[in-house]
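Visitor: Would you mind keeping the following structure in view while I ask a few things?
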Amino acid sequence: MAWDRNQMAARAARELKDGFYVNLGIGIPTLVANHIDEGIDVTLQSENGMLGMGPFPYDDEVDADLINAGKQTITELRRTSYFSSAESFAMIRGGHIDLSVLGAMEVSEKGDLANWMIPGKMVKGMGGAMDLVAGVKRVVVVMDHASKSGAPKLLHECSLPLTGRAVVDMVITNLGVFEIETGKGMKLVELASGVCIDDVKELTQADFDVAVSS
Amino acid sequence: MKKIFPDAKAALDGLVFDGMMVMSGGFGLCGIAENLIIALRDTGVTDLTVVSNNAGIDDFGLGYLLQTRQIKKMISSYVGENKEFERQYLAGELELEFNPQGTLAERCRAGGAGIPGFYTKTGVGTIIADGKEQKDFGGETYILETGLVSDLSIVKAWKGDEQGNLVFRKTARNFNPMMAAAGKVTVAEVEEIVPLGSLNPDCIHTPGIYVQRIIQAEHEKRIEQRTVRERESA
């Protein structure tokens, strides 16, 4: 037993607080929008130039001029504003966005993040990820705990090129939740349903403190 | 001086040369200068350095210029949507300089604003910082990035007038305003050229001073990922 993609997204959604401006990355982070509590008022930012991102359009509402950072068609809300990429990253770099939820390939126990490149193999680019982790107040990573073959992704040091150094504040995996505090390292604070501490230890290379009872 | 040209081919006449740097507005396929990209291909110009957030897809947008090998180097933040790009790059046929998206946007903004360099914390501690000057401000480390000025910028807007004033629509604005300002010469293609005075002066996104030539053109506006939701039955 462990969390599936939707349960991980639902757990990440609990990090969103009332009044937050939030940027959601591509993949599982996008699903977070489906799990935001009704009583919580959150404004979603899309780094291609929009604040106040709405849901996917109905078939007859699709507009080629209205997409999110994953190039998916979306809709606007009554609160929506549009702006240029320079303005968009001014609000990101300038620390005006409260929370960013991103995917990752590797995270180190110091909070280093790697999520944009596999040398010689995958050439896609960092997009806005480096700016987001450098500028946003709080960075939450949602990722599978280990690779399909069981290789750990939470490591002492990342092996892949970094997106940012000591930038991750929280990691949510299918096995549980970790907090990372600069200079203090990684702490397991929550276990997914049906998961015990030994399950986590077996699939983790990073050192971590345990702040849950098994 | 007349800024309105009859079509994309005429609008690029006399502006292109081999080895030039071209900025191309748009995010994915949203807000790209579809017609000017095709006209640029048809000039036969080669060894281009193209500054664009993305590289189009295989059969649309900047993908056209990759097919014909007219691009020597790309400066981009994300190129994941283009298989031909990946193939040319991994085979060593294409140079690629990855810039973080915000750094790329700011390099264009700075270039257009006469700012040759700026410090940013984006990329500190990563390979993006390699070889770049570092400086501490208030106990935090920043890296020096440079402004970019292009030989030619091609941008897409929703509406424009004969003075070159431009208005963009929704998320099709993206990189277009900064790239318009950062071009030694900027050519804009718009969906509609409207009579002078019909754009609200308070709502102009790009003032005409940044635009030297303008055309009205048809746009396919291809959608990369058509995502929809089901209507709940009444």
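Visitor: (1) away from chain B (no Cβ under 13 Å); (2) in contact with a Phe, Trp or Tyr (Cβ under 9 Å, 6 or more places away or on another chain); (3) surrounded by 20 or more Cβ atoms within 10 Å (Cβ to Cβ): which one isn't true of A:MET117, the others all being true?
Guide: (1)
Visitor: Tell me which residues, restricted to the stretch B:25-54, are under 10 Å from the mean Cα position of the chain (by Cα) and small (Gly, Ala, Ser).
Guide: Within the stretch B:25-54, B:GLY25, B:GLY26, B:GLY31, B:ALA33, B:SER52 qualify.
Visitor: Suppose we keep only residues that are under 13 Å from the mean Cα position of the chain (by Cα) and not in a strand (DSSP E or B) within the stretch A:138-162. Which one would you say is nearest to A:SER84 (Cα to Cα)?
Guide: Checked the stretch A:138-162; the qualifying residue nearest to A:SER84 (Cα to Cα) is A:MET143.
Visitor: B:MET1 versus (1) closer than 17 Å to B:GLY63 by Cβ; (2) part of a loop (DSSP other than H, G, I, E, B): which is the lone unmet condition?
Guide: Going through the list (1) closer than 17 Å to B:GLY63 by Cβ; (2) part of a loop (DSSP other than H, G, I, E, B), B:MET1 breaks only (1).
Visitor: Checking the conditions here, which among B:GLY123, B:GLY102 is at pLDDT 95 or above, facing chain A (nearest Cβ under 9 Å), at positive phi and crowded, with 24+ Cβ neighbours inside 10 Å?
Guide: B:GLY123
Visitor: Report, by residue number, each residue of the stretch B:37-77 that is surrounded by fewer than 23 Cβ atoms within 10 Å (Cβ to Cβ) and in a loop (DSSP other than H, G, I, E, B).
Guide: Within the stretch B:37-77, B:GLY44, B:VAL45, B:THR46, B:ASP47, B:ASP58, B:ASP59, B:THR68, B:ARG69, B:GLN70 meet the criteria.
Visitor: Quick one: is B:ALA180 of a type in the set (A, V, I, L, M), part of a strand (DSSP E or B) and within 26 Å of B:GLY114 (Cβ to Cβ)?
Guide: The answer is no for B:ALA180.
Visitor: Check the stretch A:151-169 and report whether any residue there is closer than 19 Å to A:GLN7 by Cα and surrounded by 22 or more Cβ atoms within 10 Å (Cβ to Cβ).
Guide: no
Visitor: While we're here: Would you mention how many residues in the stretch A:127-165 are more than 12 Å from A:VAL101 (Cα to Cα) and not small (Gly, Ala, Ser)?
Guide: 17
Visitor: Just to check your reading of the model, which residue among A:ALA86, A:ALA64 is more than 18 Å from A:VAL22 (Cβ to Cβ), facing another protein chain (nearest Cβ under 7 Å) and not in a loop (DSSP other than H, G, I, E, B)? Steps first, answer last, please.
Guide: Working: A:ALA64 fails: not in a loop (DSSP other than H, G, I, E, B).
Criteria check complete, one pass: A:ALA86.
The values are calculated or read from the model by the stated rules, or taken from the named source; none is laboratory data. Worth saying up front: this structure is predicted, and the values here are computed from it rather than measured. No Cβ is skipped: glycine too gets one built from the backbone with ideal geometry, and neighbour counts run over all protein chains shown.
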